[in-house]
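Accompanying notes for the structure given below.
The values are calculated or read from the model by the stated rules, or taken from the named source; none is laboratory data. Worth saying up front: this structure is predicted, and the values here are computed from it rather than measured. Neighbour counts are summed over all protein chains in view; Cβ atoms, including those assigned to glycine, are modelled from backbone coordinates with ideal geometry.
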Amino acid sequence: MFIYNEFCLLSSPDFGGASDEVPELSDSEDEEQWMEEEDEPESKECVLCLFCDRSLHSVSETFRHCEADHGVSVADLVKKHRLDDYGYIKMINYIRTTRCSVPCVTSCSGSVLPWSGDEYMKPALPDDALLQIDVEELGGAAVCDDVSVWVQRAQQAEENLSRAMEDLHQLKTFAQGLVLNSDVTQKCVGSVSELREDEDEAYFSSYGHYSIHEEMLKDKVRTESYRDFMYGNPDLFKDKVVLDVGCGTGILSMFAARSGAKKVIGVDQSEIIYHAMDIVRANHLEDTITLIKGRIEEVELPVEKVDIIISEWMGYFLLFESMLDSVIFARGRYLAEGGSVYPDRCSISLAAVSDAEKHRDHIAFWDDVYGFKMACMKKAVIPETVVEVLKPETVISEPSVIQTLDCNVVTLPELEFTADFTLKITANTYCTALVGYFDVFFEQDCTNKVMFSTSPHCTKTHWKQTVFFLEKPIPVQSGDELPGRIRVCKNRKDPRALIVTLNLADLKQTYCVQ
């Protein structure tokens, strides 16, 4: 029940304002006081029945009342549906939330139960004593008599743990972002199906801070690639109407204007666009460039169609932030027939990494922390990907391209994918992690083609690389072919983040890119 209690704490209205300090006992408060607190009788509890308004004095009395007066054995329901801790919690919250009848509960059957949704992880009552018990006390463990059921429950528990960790990371990131709101790694905020208005604003407000734009502008690989593409292909832009999605400071819009575009429209939701307006005027480009504040999905452009869409939408591991979704919308709504989106092609690659020192610092560190065992922390640390610049000598395989996107035709469903890959090992060592990076291409109809890479072997960029640490290093030999499978999908609770599941050899691990 530990994970559930953490979840409830973070979900409460007091989250972020409560103190983490634990009061110390005075010298006069001895061991007997602790024993008295632990031995407080259940009679002080007030437990509301699941099916009526009667309050009982204990959990056990409540269960007896449910069975005697309502004909429902909670223990039998747990056994019937083979509920684990999470299933039990959801069932209790479902009954309390919907106030469903006894026949409704007892008639439930099948693999998909009405309380399967994650929304029922939220407690219906504050400090509900029925949620504080171990489901095994109800005989939940006794129903698992065969190995296959145990395996199924273990897999379900792993998935539940992963979802709970995603919730915790999401809440932590959002809370930190409200205070600091200046770190590039804190740019995603979301909800179960779509971004809520306040959280969406938190995302865009992070781009209103100058430090992010300074970092991006100083990234010469990024900025000069866009500049070289536009300045190197003036025939492509001459007398064209250009749309810049997520224009920021307006640098790409100004490149387009200087390349011969007759009209450039820049759209951005963040407050930085007001500075972009000043920048455009300072460079005497206001007659060519029009800037609009708002989401591309919501604003009305002063033209029906555009000839070219440019955007710097890439995030960590290419797809983090889901800004490509907005480019795809703009393409469908505003791009004229025969028009083009730039960059027009991007690819994501994986490679094997061997860095024993980094693995010790990040993973093995928890085995002995100042003489204390903290290995349980690995389960929380490993799913968090690390964004950093790798030393090229730590890469121990040839890269494998896992996905290529044609920005002129790619659809939203294709941004979630599963791919098999094989990594050809180039050294006798241990594989301690996989690294993900992306390449970007400006090619379609270009006289002078431009590309750049975020590979560890290339000049570093502000995207760095995305590292997926393995819990246990895998011994490899030069010439080995390490098979794997990767699944990439959006985090349903945070659509700007990614959930990445890696199968490598006999290992399986789920990560959150955020």
Only one of these is closer than 22 Å to Leu498 by Cα, surrounded by fewer than 20 Cβ atoms within 10 Å (Cβ to Cβ) and hydroxyl-bearing (Ser, Thr, Tyr): Thr426, Thr411. Name it. Thr411
Consider Ala427 carefully, then state whether it is touching a residue at least 12 places away in the same chain (Cβ under 8 Å), on the phi < 0 side of the Ramachandran plot and aliphatic (A, V, I, L, M). yes
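Would you point out the residue of region 209-228, among those that are farther than 21 Å from Asp344 by Cβ and surrounded by fewer than 18 Cβ atoms within 10 Å (Cβ to Cβ), that is modelled with the lowest pLDDT?
Per the stated criteria, the residue is His209.
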So, in region 256-275, exactly how many residues are modelled with pLDDT under 95, out of contact with any helix residue (DSSP H, G or I) (no Cβ under 7 Å at 6 or more places or on another chain) and among the aliphatic types (A, V, I, L, M)? 1
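Every residue, every condition in (1) within 20 Å of Pro473 (Cα to Cα); (2) surrounded by fewer than 20 Cβ atoms within 10 Å (Cβ to Cβ), yes or no:
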| position | (1), (2) |
| --- | --- |
| Gly371 | no, yes |
| Ile402 | no, yes |
| Glu416 | no, yes |
| Ala433 | yes, no |
| Val450 | no, no |
So if I check each of Glu119, Glu136, which one is surrounded by fewer than 14 Cβ atoms within 10 Å (Cβ to Cβ) and closer than 22 Å to Lys493 by Cβ? Glu119
Of the residues that sit in region 273-296 and are part of a strand (DSSP E or B) and of a type in the set (A, V, I, L, M), which one is surrounded by the fewest Cβ atoms within 10 Å (Cβ to Cβ)? Ile292
Selected residue (only one of Val299, Val341 is β-branched (Val, Ile, Thr), assigned to a loop (DSSP other than H, G, I, E, B) and either surrounded by 14 or more Cβ atoms within 10 Å (Cβ to Cβ) or touching a strand residue (DSSP E or B) at 6+ places or on another chain (Cβ under 6 Å) (or both)): Val299
Filter region 57-86 for residues that are under 19 Å from Glu136 (Cα atoms) and either in contact with a Lys or Arg (Cβ under 8 Å, 6 or more places away or on another chain) or at pLDDT below 85 (or both); the one that is surrounded by the fewest Cβ atoms within 10 Å (Cβ to Cβ) is Arg82
Do we have Thr385 as under 23 Å from the mean Cα position of the chain (by Cα), among the β-branched types (Val, Ile, Thr) and either at negative phi or surrounded by 18 or more Cβ atoms within 10 Å (Cβ to Cβ) (or both) here? yes
Do we have Ile499 as within 8 Å of the chain's Cα centre (by Cα), within 21 Å of His362 (Cα to Cα) and part of a strand (DSSP E or B) here? yes
Kindly indicate the residue of region 229-255 that is more than 17 Å from Arg281 (Cβ to Cβ) and of a type in the set (Val, Ile, Thr) and also surrounded by the fewest Cβ atoms within 10 Å (Cβ to Cβ) among those meeting that condition. Val241
Number of positions in region 344-365 that are more than 22 Å from Leu482 (Cβ to Cβ) and buried (at least 18 other Cβ atoms within 10 Å of the Cβ): 3
Exactly one condition in (1) in a loop (DSSP other than H, G, I, E, B); (2) without any contact (Cβ under 8 Å) to a residue 24 or more places away in the chain is not met by Trp313; state its number. (2)
Cross-chain or 6+ apart pairs with Cβ under 6 Å, region 61-76 first and on the phi > 0 side of the Ramachandran plot, then part of a helix (DSSP H, G or I) and modelled with pLDDT of 90 or more: none
